[in-house]
Amino acid sequence: MTKVTMAKSHLMGLVGDEDTCTAFLLGGIGELNDKREPNFLVVKKDTTIGDIESHLKRLLARKDIGIVLINQHIANDVRHIMEAHTAAIPALLEIPSKEHPYDPAKDSILKRAKGMFNIDDMR
């Protein structure tokens with residue numbers, strides 16, 4: 001009989017505007033850890049960049065988070081944190097929002113991924 005081992009599951013983290021967070025929370029991603037810290041941050045007009053930075057850093061440091069999604073227009077405000085993050089887990093991905101379409105030219109993670117491949121490798 002073969003023993004099957006289960007990999008530890010990871011949560012998804014989210015830093016987004018109200019519409020984005022509402023959609024993902026309705027999809028069931030909302031969780032609190034043992035310290036009662038949520039795995040999401042709803043960014044409103046009065047949310048400071050310092051609050052966004054500190055919450056993003058906490059999400060990236062958590063061992064129970066596997067992917068962090070962030071609206072691209074919010075990521076632009078904390079680009080230095082985005083570019084400094086080099087770990088594979090949690091993966092840090094920029095997503096569009098209802099009001100702000102995705103711009104691949106601004107996505108630092110996509111730029112980094114493109115730099116890993118040579119066009120000749122694709123032929």
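The values are calculated or read from the model by the stated rules, or taken from the named source; none is laboratory data. This is a predicted model, so every value here is computed, not measured. Counting neighbours? That spans all protein chains shown, and the Cβs are built from the backbone with ideal geometry, glycine included. Quick note on the areas: whole protein, heavy atoms, side chains included, nothing else; ligands and nucleic acids left out. Shrake-Rupley method; radii C 1.70, N 1.55, O 1.52, S 1.80 Å.
Give a residue-ordered list of calculated ³J(HN,Hα) values for segment 55-69 (Karplus: 6.51 cos²θ - 1.76 cosθ + 1.60, θ = phi - 60°; whole Hz; x for Gly, Pro).
Listing the rounded values in order: 5, 4, 4, 5, 4, 5, 8, 6, 7, 8, 9, x, 9, 10, 9 Hz.
So what are the three principal axis dimensions of segment 28-75 from its Cα atoms, in whole Å, longest to shortest?
Over segment 28-75, Cα extents along the principal axes are 28, 22, 19 Å.
Sort 83, 94 from largest to smallest accessible area, using a 1.4 Å probe on the heavy atoms of the protein chains.
From most exposed to least exposed: 83, 94.
Would you check the accessible area of residue 49, probe 1.4 Å, heavy atoms only, in square angstrom rounded to 10?
80
State which entries of 44/98; 57/98; 35/63; 63/98; 8/98 exceed 21 angstrom in Cα-Cα distance in the structure shown.
In this structure, 57/98; 63/98; 8/98 lie more than 21 Å apart at Cα.
Within a Cβ distance under 9 Å of residue 19, other residues only, what is the Lys/Arg minus Asp/Glu net charge?
With Lys, Arg at +1 and Asp, Glu at -1, the neighbours total -2.
Above 22 angstrom, tally the Cα pairs of segment 1-89 and express them as a % of all pairs, no decimals.
I get 29 percent for the Cα pairs in segment 1-89 exceeding 22 Å.
Apply 1/(1 + (r/R0)^6) to the Cβ-Cβ distance of residue 99 and residue 53, taking R0 = 25 Å, and write down the FRET efficiency to the nearest 0.05.
Taking R0 as 25 Å, the efficiency between residue 99 and residue 53 is 0.70.
Can you send over the solvent-accessible area of residue 46, 1.4 Å probe, protein chains only, in Å² to the nearest 10?
About 120 Å², rounded to the nearest 10.
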